[in-house]
Every structure is written in structure tokens, then in C-alpha cells.
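Participant: Can you keep this structure in mind? I'll have questions shortly.
The values are calculated or read from the model by the stated rules, or taken from the named source; none is laboratory data. None of the values given here were measured: they were computed from a predicted structure. All Cβ positions, even for glycine, are placed from backbone atoms using ideal geometry, and neighbour counts span all protein chains on display. The area values use the complete protein model at the heavy-atom level, side chains included, leaving out ligands, DNA and RNA. Shrake-Rupley method; radii C 1.70, N 1.55, O 1.52, S 1.80 Å.
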Amino acid sequence: MDTKKLFRFLSVIFICVLFVILTAALLGQRFYGNYQPREIQVAILEQESFDLEPPQKKTECLVVTNSEEANSAHAYNEIQGIFSQLKVRADYVDLSREELPAYDAYEKVVLAAEDYDQLGARASDLMDWVGNGGNLMIFFPPQAGSVFQSISAGLGIREVGREMYELPGIRMKTDFLLGGKGKDFMVEEPYESSLSLSLNEDCTVHIVSADDRELPVLWERKYKDGTIVFDNFGIMEKAYRGIHAAGYSLLGEAFAWPVINGSSFYLDDFPSPVPSGASEYIQRDYGISVKDFYTNVWWPDLLKLSEKDHQGAMGACGI
């Protein structure tokens with residue numbers, strides 16, 4: 001055979017031989033390399049392990065109310081609604097029917113009664129408990145009775161007036177409600193709902209009245225080793241639950257809670273490029289192009305309108 005022809009077919013022969021070898025290897029693996037699975041028994045937990053009850057979470061809070069007082073009964077309903085959303089485990093005690101348990105069994109106490117005179121000596125015990133590391137929230141402004149006067153200094157109050165104060169609105173002094181610092185919010189249908197008072201300088205005031213007086217509405221104070229939060233916002237309606245919930249969150253170092261009934265609005269196709277050119281009416285009234293109108297007139301006006309509506313609806317209260 002011609003040497004050139006032989007050399008020409010060597011590459012083809014090599015490829016054919018390679019295919020034969022690969023085919024033999026695959027067939028050998030198919031017939032001689034079958035995988036034989038081993039039976040493995042997985043140990044299953046005994047039935048007793050499934051019958052155990054999960055550990056119960058410790059009751060976090062004691063709520064003190066008085067069903068014979070209208071404001072306290074209203075506060076009871078509000079607190080139950082708030083705590084059900086915040087997933088807070090609480091025991092509720094009615095001063096008109098039950099004895100107060102030991103404060104030491106709880107991390108926090110919410111005092112939602114109107115007349116503190118019914119607490120008697122337990123009011124002093126409550127302040128001692130706070131001083132030893134407890135956390136107390138005054139849920140709404142009480143009557144200025146003798147027992148309240150005796151503990152008012154510990155609550156951060158320097159002086160209490162005789163008449164209640166009508167809040168025209170509230171003003172955020174801090175960012176304890178995110179993004180609220182420096183903003184005013186209207187109170188719908190206000191009435192005399194807050195104590196007229198002045199505070200000691202060691203109080204951290206988060207909310208004041210939205211007027212020249214800036215009456216303290218919600219503040220916190222360190223009392224020895226404990227924390228006190230005083231909620232002087234006596235309007236207890238569903239629309240304002242976010243304020244009371246945020247006040248409760250100040251009783252601990254960290255607190256996570258959901259914000260419900262929130263919504264976002266999007267303007268379709270903005271701020272993508274707006275149509276160019278001119279409009280008969282825009283040109284007549286503003287003397288500018290359509291693009292300049294949407295960018296420099298229409299959009300700033302919408303922002304101002306949104307801010308006005310935001311204030312009126314208490315939208316920043318996390319409600």
C-alpha cells in the first residue's frame with residue numbers, strides 16, 4: 001500500500017480503536033459494576049420524645065387595671081389589642097376584685113388605673129421594685145391623688161397642675177418613632193386628656209404638645225436600676241395605639257414589633273422621562289415645557305400635599 005494512503009487512514013483507525021475501547025469500558029461497567037445498596041436503619045426517637053410539651057415562655061408583664069373606672073376599662077381593651085399584636089404575654093389584675101401579686105415575678109408592670117389611692121402601700125413597693133431593676137409604664141395620666149403625689153417625684157414629675165390640658169397636636173422631640181423627630185401631628189377631636197405638669201431635668205422627653213407650651217406628653221426616666229415610662233397621652237383610641245406601643249417598647253434594651261396597616265403608593269412611570277415638547281395649557285399658564293412643568297411644578301406640589309396629608313393622618317405613628 002502506498003505510504004501516503006496508509007498515513008491518511010491512520011487517524012481514522014485510531015479514532016475507531018478509541019471508540020471500541022470506550023464501548024468496552026461502558027459495557028464492563030454496566031454488567032460488572034452494579035451498585036448494591038446497603039440497608040441502613042435510621043434510629044427513630046421514642047414516642048415519649050414527641051409527647052413532651054414545649055417549654056412555656058415566662059409571662060413578661062403585669063397589667064394593673066380597675067374595671068370600676070371608665071378610663072381604666074377602656075385602657076384594658078386597648079392594652080389587650082396592643083399586646084395581642086406585639087405578642088406580649090401578660091397577666092391582668094383588677095384592683096376592684098383581686099389582690100396584687102408579687103412584682104418580682106415579672107419583668108415589666110403597666111399601671112393602667114385612674115385612682116392610685118387604691119394601691120395603698122403597694123405603690124411604695126412598686127417604686128422599690130423599679131429601683132431594683134424593674135420596668136414600669138404609666139399607661140395613661142391618673143388622678144392627682146395623695147398616693148400619686150407621693151410617688152410623682154420618682155416618676156420624674158416636679159409639679160402637677162390642677163386642670164387637665166387639651167392637646168392641639170403632638171410634636172416628636174426624638175426619633176423613638178423612626179423618622180418622626182421634629183414633626184407635628186394633628187390630634188383629631190382633642191379634649192382635656194393630659195396632666196398639666198413640669199418635669200425634672202433628668203427625664204428624656206420624646207413627645208410634647210404641638211404648641212408654644214410644649215407640654216411633656218411621653219417621657220422616660222431612669223430610676224435607680226430601673227426604667228419608668230410615663231404616657232401622658234390620655235386619648236385611648238385604635239388610631240393612636242402606635243404611640244402607646246412605642247412607649248411600651250422603651251421598657252427594654254431592645255424590642256421588635258410589627259407595623260400593621262401600612263401602605264405604599266407608587267406613581268406609575270415616574271420619575272421616568274416625561275413627554276417633551278409643549279402643552280397649550282401649560283404654555284399658557286406657566287410658560288414652560290411639559291418636562292419642566294412635571295419636574296419643577298407638579299412634583300414639588302405633590303410632595304407638599306403628601307406631607308400635609310401625612311401630618312393630618314398621623315401616618316408616622318406606626319399604626
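Participant: Show the residue pairs that are 6+ apart or on different chains and have beta-carbon atoms under 7 Å apart, the first residue being within the range 100-115 and more than 14 Å from Asn71 (Cβ to Cβ) and part of a loop (DSSP other than H, G, I, E, B), the second being small (Gly, Ala, Ser) and open to solvent by 40 Å² or more (accessible area, probe 1.4 Å).
Facilitator: none
Participant: Determine, yes or no, whether Gln56 is within 30 Å of Ala254 (Cα to Cα), at pLDDT below 80, out of contact with any Asp or Glu (no Cβ under 6 Å at 6 or more places or on another chain) and open to solvent by 70 Å² or more (accessible area, probe 1.4 Å).
Facilitator: So Gln56 passes the test.
Participant: Let me ask something else about it. Being assigned to a helix (DSSP H, G or I) and surrounded by fewer than 18 Cβ atoms within 10 Å (Cβ to Cβ) is the filter here, so list the residues in the range 124-146 that pass it.
Facilitator: The answer is Ser124, Asp125, Asp128, Gly131, Ser146.
Participant: Still on this structure: So Asn232 passes all but one of these: (1) modelled with pLDDT under 95; (2) open to solvent by less than 40 Å² (accessible area, probe 1.4 Å); (3) within 23 Å of Gln80 (Cβ to Cβ). Which condition number does it fail?
Facilitator: Status for Asn232: all satisfied but (1).
Participant: Can we say Ile207 is among the β-branched types (Val, Ile, Thr), modelled with pLDDT of 95 or more and either within 30 Å of Gly161 (Cβ to Cβ) or part of a strand (DSSP E or B) (or both)?
Facilitator: Answer is yes for this residue.
Participant: Further, regarding this structure: Return the residues of the range 62-96 that are assigned to a helix (DSSP H, G or I), among the acidic types (Asp, Glu) and within 14 Å of Pro142 (Cα to Cα); say none if nothing qualifies.
Facilitator: none
Participant: Select from the range 78-94 the residues that are at pLDDT below 95 and either open to solvent by 30 Å² or more (accessible area, probe 1.4 Å) or of a type in the set (S, T, N, Q) (or both) and write down the one among them that is nearest to Gly133 (Cα to Cα).
Facilitator: Taking the candidates together, the pick is Arg89.
Participant: Name the pairs: first residue in the range 294-319 and within 20 Å of Ile82 (Cβ to Cβ) and open to solvent by less than 70 Å² (accessible area, probe 1.4 Å), second residue of a type in the set (Asp, Glu) and modelled with pLDDT of 80 or more, Cβ to Cβ under 6 Å, at least 6 apart or on different chains?
Facilitator: So the pair list comes out empty.
Participant: May I ask you to list the residues in the range 155-186 that are among the small types (Gly, Ala, Ser) and surrounded by 15 or more Cβ atoms within 10 Å (Cβ to Cβ)?
Facilitator: Passing the criteria: Gly156, Gly169, Gly180.
Participant: Being charged (D, E, K, R), under 27 Å from Asp125 (Cβ atoms) and open to solvent by 10 Å² or more (accessible area, probe 1.4 Å) narrows it down to one of Glu189, Glu220, so name that one.
Facilitator: Matching residue, one of Glu189, Glu220: Glu220.
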